[in-house]
1. Here is a check on your reading of the model: is T114 among the hydroxyl-bearing types (S, T, Y), closer than 28 Å to K266 by Cα and not in a strand (DSSP E or B)?
2. Counting only residues that are at pLDDT 95 or above and crowded, with 16+ Cβ neighbours inside 10 Å, how many does the stretch 274-302 have?
3. Within the stretch 154-187, take every residue that is in a loop (DSSP other than H, G, I, E, B) and more than 6 Å from the ligand (Cβ to nearest atom) and give me the one that is farthest from the chain's Cα centre (by Cα).
4. Please work out if D328 is of a type in the set (D, E), within 23 Å of V195 (Cβ to Cβ) and under 19 Å from the mean Cα position of the chain (by Cα).
5. Does A212 fit the bill of being of a type in the set (A, V, I, L, M), at pLDDT 95 or above, buried (at least 24 other Cβ atoms within 10 Å of the Cβ) and part of a helix (DSSP H, G or I)?
6. Taking the criterion of being at pLDDT 95 or above and at positive phi, would at least one residue in the stretch 98-107 satisfy it?
7. Could you tell me which residue of the stretch 207-239 is farthest from the ligand (Cβ to nearest atom), considering only residues that are without any contact (Cβ under 8 Å) to a residue 60 or more places away in the chain and out of contact with any Phe, Trp or Tyr (no Cβ under 9 Å at 6 or more places or on another chain)?
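The values are calculated or read from the model by the stated rules, or taken from the named source; none is laboratory data. Predicted, not measured: the structure shown is a model, and the values here were computed from it. Counting neighbours? That spans all protein chains shown, and the Cβs are built from the backbone with ideal geometry, glycine included.
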Amino acid sequence: MADRRAAILRLADALNQRAGEFARLLTQEQGKPLAESTAEIAYTEAFLRQSAALDLPVRVVEDSDRRRVELHRRPLGVVGAIIPWNFPLLIVGFKLPLALLAGNTMVIKPAPTTPLTTLRFGELCADTLPPGVVNVVTDANDLGARLSTHPDVRKVTFTGSTETGRKVMAAAASSIKRITLELGGNDAAIVLDDVDPKAVAAKLFAGAFLNAGQVCLAIKRLYVQDRIYDALTAELAGLAEAAVVGDGLDPDVRIGPLQNRAQYEKVLGFLTDAARDGTIIAGGAVTDRPGYFIRPTIVRDIQDGARLVDEEQFGPILPVIRVTDAEDALRRANASPYGLGASVWSSDPTRAAAVAQRLEAGTVWINTHLDFGPTIPFGGAKQSGIGVEFAEEGLAEFTQLTVINMAR
Ligand code: NAD
C-alpha cells in the first residue's frame with residue numbers, strides 16, 4: 001500500500017506542475033469560467049493527496065478462546081469508471097485514488113463531449129504509474145454499456161444521470177458486478193423567515209449557479225417562507241441581472257455556456273415551460289451571439305407539479321417556491337424521487353437542525369450548500385444513487401471484504 005500511496009502523490013505533484021495548462025484546457029472543452037476550472041484542478045489535486053492518506057487496516061472483530069476473526073480488505077481487480085461531462089477531471093479525482101489505493105486497476109471512460117482533459121490526465125498517469133494501471137477509453141456514447149457488462153470488469157463506479165444509472169444497474173446484474181452509482185439530484189434549499197434575505201442571497205445564488213447550474217449537488221429548488229419571499233426573490237434577481245455571461249476564458253465572466261447542444265436544448269425547454277408555469281423575473285436565453293448561452297434565470301410564483309420544480313433542470317434556471325412554514329417546505333422538499341443533497345437556511349441553529357434531520361437526502365447542509373471534501377462520505381438517498389464515495393467508506397467500496405476465521 002505504501003508504494004501505491006507514493007504513486008498517487010506523484011500523480012498529484014505532476015498535476016500541480018501543469019495546473020495552469022489543465023485549467024485552460026478544461027475551460028475550453030467544458031465551458032466553465034477559468035476560475036472554476038482552476039478550482040476544479042486544485043480540488044482534484046486535494047482529492048488525490050487526501051485520499052492517498054486513507055487506510056483500511058486489518059480489523060480484529062473477535063479474539064477469544066474459541067476463535068480469532070479478522071476482516072481483510074482485498075482488491076477487486078479491474079474497475080470501470082464512467083464519468084459525466086460537468087466535472088470531467090474532478091470526478092476522476094473522486095474515484096481514481098481510492099480505486100488505486102485499494103489495489104485495483106482502472107478503465108476510465110469520460111463523457112463523449114468532454115474527453116480531452118481526461119485524456120491529458122491519462123498521459124500523466126502513463127508517465128507516473130506502471131503500464132496498464134490506468135487506461136482511458138473514449139467513445140461516441142457507445143462504450144458505457146460494454147464496460148458495465150464486460151465479464152473482466154469487477155466493479156463499475158458510475159456518475160451520471162439516474163436514467164443511465166438504471167441501465168448500469170441492470171447491466172451489472174449479469175455478473176453480479178459491484179456498483180457505486182452517483183446519480184441525478186433535485187436538491188431543495190429551505191429558507192426560513194428568520195434570515196436576512198440580503199445576507200443569504202449571494203450564497204444561495206452561488207449554490208444554484210456554479211458551473212451554469214450543471215452540478216449534481218446544485219440548489220435546484222428553492223423553498224422560501226412567505227414573509228421574506230418577495231425580498232429574497234428580488235435579491236436573487238438582482239444578482240442574476242448583474243452576472244456576466246460569456247466565454248469562460250474572459251476573466252470577468254461568471255457564467256459560461258451549457259456544455260453541449262443536447263443540454264442547451266433541454267434547458268431551453270425548461271425555460272419555455274417556466275414562462276407558462278411561473279413568472280421569469282430575471283434571465284432567459286442569450287440570442288445576440290452564437291453558442292449555448294443562457295443567462296441565470298430566476299422564476300417566481302411557480303409551484304410543485306411544474307416540470308422545472310419536479311425534474312432536474314441541470315442548467316442556470318432556478319424556481320423559487322413560496323411556502324407557509326417549515327412543515328410545508330419539508331413536505332414539498334421530500335416529495336421527490338431524488339435525495340442527493342438538501343439545505344436549510346436559518347439564523348436559529350436549533351430550528352435549522354430540527355428541519356435538517358427530517359430532510360430525505362444523502363447530505364443535508366445548514367447555512368451552506370455544495371460543501372464536500374475527501375474525508376466526508378458522500379452518497380445519494382432514494383434514486384440519487386447507491387453506495388458511498390470518499391473517505392474510508394468510499395475506499396471500502398473498492399475492496400472485497402474477506403473474513404479470516406481461525407479456530408483455536
Ligand atoms: P449521462 O447519464 O448521460 O452520462 C454519464 C456517462 O454515462 C457518460 O460517460 C455516458 O457516455 C455514459 N453512458 C451512456 N450510456 C450508458 C450506458 N448505457 N451504460 C453505461 N454508461 C453509459 O449523464 P450526463 O448527462 O453526462 O451528466 C449529467 C447527469 O449526471 C445529471 O443527472 C447529474 O445530476 C449527474 N451527476 C451526478 C453526480 C453525483 O455525484 N451524484 C455528479 C455529477 C453529475
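1. yes
2. 17
3. Of everything passing the filter in the stretch 154-187, I176 is farthest from the chain's Cα centre (by Cα).
4. Answer is no for this residue.
5. So A212 fits the description; yes.
6. Looking through the stretch 98-107, at least one residue is at pLDDT 95 or above and at positive phi.
7. R227
Here's the yes/no breakdown for (1) in contact with a Pro (Cβ under 9 Å, 6 or more places away or on another chain); (2) modelled with pLDDT under 95; (3) away from the ligand (no atom under 16 Å from the Cβ):
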residue	(1), (2), (3)
T118	yes, no, no
L124	no, no, yes
V134	no, no, yes
A145	no, no, no
